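To keep things clear, I will list the structure first and then write my remarks on it.
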């Protein structure tokens with residue numbers, strides 16, 4: 001959640017929440033910092049969450065991981081161990097959309113590059129954010145109009 005807009009990675013107010021789907025109750029996760037936390041991804045067993053955070057100084061996002069127990073309590077988040085941990089302190093590229101997957105990503109880098117450079121738009125049935133146009137209009141997804 002964030003106070004406004006569609007790009008939570010740019011907002012320090014952006015925090016991760018967890019919702020009980022049976023009751024609709026939600027609460028802020030303990031893994032949030034004073035900086036932006038956003039773009040989460042759940043593991044296939046719902047016990048791990050990967051997310052982007054600017055908690056290491058507020059400038060660049062890094063991918064953090066946290067274990068979530070059966071009651072929805074998240075453990076202290078961490079970055080996976082690196083061969084050279086100091087490398088990422090000066091690495092200026094950013095990763096904002098972590099994904100947890102269960103198999104290899106098979107793609108042809110040339111085909112992927114041509115798609116990225118293409119002006120062709122991609123039809124989306126379910127919006128990624130409230131900025132994404134909805135196929136079939138907003139009435140098919142009533143939560144879109146519910147903004148702070």
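None of the figures in this text is laboratory data; all of them are computed from the coordinates on show. No experiment lies behind these values; they were computed from the predicted model shown. Quick reminder, even Gly has a Cβ in these numbers, built from the backbone with ideal geometry, and neighbours come from all protein chains shown.
Odds and ends about this structure:
- Anisotropy class of the range 53-116 from Cα gyration tensor, a/c 1.5 cut: oblate
- Packing-based ranking of 23-29, 47-53, 110-116, 7-13 yields 47-53, 7-13, 23-29, 110-116, ordered from highest to lowest mean Cβ neighbour count within 10 Å.
- Projecting label points 7 angstrom from Cα along Cα→Cβ for residue 28 and residue 45 puts them 3.1 nm apart.
- Burial order of peptide ranges 14-21, 78-85 (average beta-carbon count within 10 Å, highest first): 14-21, 78-85
- Prolate/oblate/rounded label for the range 1-106 (Cα gyration tensor, a/c 1.5): oblate
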